[in-house]
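The values are calculated or read from the model by the stated rules, or taken from the named source; none is laboratory data. Worth saying up front: this structure is predicted, and the values here are computed from it rather than measured. Using ideal geometry, Cβ is built from the backbone for each residue, glycine included, and neighbour counts are taken over all protein chains shown. These area figures cover heavy atoms from the full protein model, side chains too; ligands, DNA and RNA do not enter into them. Shrake-Rupley method; radii C 1.70, N 1.55, O 1.52, S 1.80 Å.
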Amino acid sequence: MPIFDFVCSDCGELFEALVRGTQAASCPKCQSTTLEKQLSLPAIKTDASHGLAMQAATRRDKAQGAERMHAQRQYELSHDD
Ligand SMILES: [Zn+2]
């Protein structure tokens with residue numbers, strides 16, 4: 001059964017989920033179904049759990065950073081005078 005890594009677009013949570021057929025996965029943290037599927041890289045997966053943890057942290061930081069930048073841009077656009 002295929003297991004995929006997902007990053008939640010809403011809260012940045014990284015998790016693995018079993019995907020069966022057309023059943024949509026949802027974030028275990030906020031139940032959002034707005035998810036970004038990560039491509040599995042078997043070569044990296046053989047590395048160690050430390051590598052995966054680092055990847056997860058990096059992805060989370062990235063997601064949160066993008067969110068902050070987006071918020072900043074929205075602020076600037078609405079306060080353009
Ligand atoms: Zn979430």
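Within region 1-28, list the residues whose amide N lies under 13 Å from a label point set 7 Å along Cα→Cβ of E36.
6-15
Using heavy-atom solvent-accessible surface (probe 1.4 Å) with all chains present, what is the largest-first order of D61, D5?
D61, D5
With labels modelled as points extended 7 Å from the Cα through the Cβ direction, what inter-label distance (nm, one decimal) is found for S26 paired with A57?
Between S26 and A57, the label points sit 3.1 nm apart.
In what sequence, largest accessible area first, do L39, L14 appear using a 1.4 Å probe?
Numbers: L39 145, L14 40 Å².
Sorted descending by solvent-accessible area, the residues read L39, L14.
When all protein chains stay in place, what accessible area (Å², nearest 10, 1.4 Å probe) is found for R20?
Per-residue accessible area (R20): approximately 140 Å².
Using only protein heavy atoms and a 1.4 Å probe, report how much of E16 is accessible, in Å² to the nearest 10.
110
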